[in-house]
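Each remark here refers to the structure printed beneath this line.
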Ligand code: OAD
């Protein structure tokens, strides 16, 4: 597959690459994006109806069951060629690679990337909804979708319940993690934006941070995004095709 010349030139010249990913970066591994239809038990629900503190406090077992299902899907999916290409790019001599992801799966890590900032949290971390203590216990993930599942109680404070350590709608991002994301963008000489619709802030503001510093921004997205006016170059291609093509062409 031929990489557009402008994109290839930027990729070849870059030494400090930061990749910003969204749900589209995981789509080819089998994790549905946010704007895709939900399946099974959750067909009629939008993530916005479940991924909120209000939904949690109204009915914790319902939200816990939805996350248990999403965690099972994420755990059984495997990284695709795009995840592996990002890691391979980062292993090249003289290249520093940082990944900033809005995704709560661990496909970048399992694909070999080492420096990954999860600005929206992780499906694989859990914390108390009262004292914030991290939960270290083992989770029981049902094999089939269930409508409700009782979350564990917090053994630290004895008052709270264990919830996903994920940033829900209406919640603030972890300042330390988002600070690291801004640093990763400001310290880059190329920002590659992959598979995000660019509508959820503050993550969607990161390409603008790069632009303000004169750092070139390229996008890999088969359908384009709301970020179109903040990009130097957009390539309408799937992550699993475009990223390996770029990395393969670096030496040509
Ligand atoms: P979205 O579901 O909004 O957007 C997915 C994007 O991926 C779209 O622009 C698609 O065109 C693109 N896409 C689809 N298939 C692709 C592929 N194979 N390769 C590359 N791109 C592809 O997901 P996000 O932008 O990640 O927040 O959503 C941002 C945030 O909104 C999420 O992190 C989540 C959500 O609500 C929280 O949970 C806080």
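The values are calculated or read from the model by the stated rules, or taken from the named source; none is laboratory data. Predicted, not measured: the structure shown is a model, and the values here were computed from it. Glycine gets a Cβ as well: all are built from the backbone with ideal geometry, and neighbour counts include every protein chain shown.
For region 128-140, check the following and say yes or no: at least one residue is out of contact with any strand residue (DSSP E or B) (no Cβ under 9 Å at 6 or more places or on another chain) and within 16 Å of the ligand (Cβ to nearest atom).
No, region 128-140 contains no residue that is out of contact with any strand residue (DSSP E or B) (no Cβ under 9 Å at 6 or more places or on another chain) and within 16 Å of the ligand (Cβ to nearest atom).
Based on this model, can you work out whether residue 187 counts as buried (at least 17 other Cβ atoms within 10 Å of the Cβ) and closer than 30 Å to residue 94 by Cα?
Working: buried (at least 17 other Cβ atoms within 10 Å of the Cβ): no; closer than 30 Å to residue 94 by Cα: yes.
Spelling it out, it is not the case that residue 187 is buried (at least 17 other Cβ atoms within 10 Å of the Cβ) and closer than 30 Å to residue 94 by Cα.
Report whether or not residue 61 is within 24 Å of residue 223 (Cα to Cα), over 20 Å from the mean Cα position of the chain (by Cα) and away from the ligand (no atom under 14 Å from the Cβ). Let's see the steps before the verdict.
Working: within 24 Å of residue 223 (Cα to Cα): no; over 20 Å from the mean Cα position of the chain (by Cα): yes; away from the ligand (no atom under 14 Å from the Cβ): yes.
So residue 61 fails the test.
Need the failing condition index for residue 151 against (1) free of Cβ contacts under 8 Å to residues at least 24 places away in the same chain; (2) surrounded by 15 or more Cβ atoms within 10 Å (Cβ to Cβ); (3) outside the structural domain of residue 14 (by TED's automatic domain parsing), just the number.
If we test residue 151 against (1) free of Cβ contacts under 8 Å to residues at least 24 places away in the same chain; (2) surrounded by 15 or more Cβ atoms within 10 Å (Cβ to Cβ); (3) outside the structural domain of residue 14 (by TED's automatic domain parsing), just (1) comes out false.
Can we say residue 82 is within 13 Å of the ligand (Cβ to nearest atom) and touching a strand residue (DSSP E or B) at 6+ places or on another chain (Cβ under 8 Å)? Before the answer, list the steps.
Values: within 13 Å of the ligand (Cβ to nearest atom): yes; touching a strand residue (DSSP E or B) at 6+ places or on another chain (Cβ under 8 Å): yes.
Spelling it out, residue 82 is indeed within 13 Å of the ligand (Cβ to nearest atom) and touching a strand residue (DSSP E or B) at 6+ places or on another chain (Cβ under 8 Å).
Out of the helices (runs of 4 or more DSSP H) lying entirely within region 154-252, which hold 2 or more residues that are free of Cβ contacts under 8 Å to residues at least 40 places away in the same chain, more than 12 Å from the ligand (Cβ to nearest atom) and at negative phi? Quick ask: steps written out before the conclusion?
Working: elements: 175-186, 206-212, 239-249.
Per the criteria, 175-186, 206-212.
Considering only helices (runs of 4 or more DSSP H) fully contained in region 1-117, which possess at least 3 residues that are touching a residue at least 60 places away in the same chain (Cβ under 8 Å)? Walk me through how you get there before you give the answer.
Numbers: elements: 5-13, 24-27, 47-50, 53-58, 60-76, 81-90, 107-110.
It comes to 5-13, 24-27, 53-58, 60-76, 81-90.
Suppose the filter is in contact with a strand residue (DSSP E or B) (Cβ under 6 Å, 6 or more places away or on another chain) and within 16 Å of the ligand (Cβ to nearest atom); does residue 73 pass it?
Working: in contact with a strand residue (DSSP E or B) (Cβ under 6 Å, 6 or more places away or on another chain): no; within 16 Å of the ligand (Cβ to nearest atom): yes.
For residue 73, the condition - in contact with a strand residue (DSSP E or B) (Cβ under 6 Å, 6 or more places away or on another chain) and within 16 Å of the ligand (Cβ to nearest atom) - is not met.
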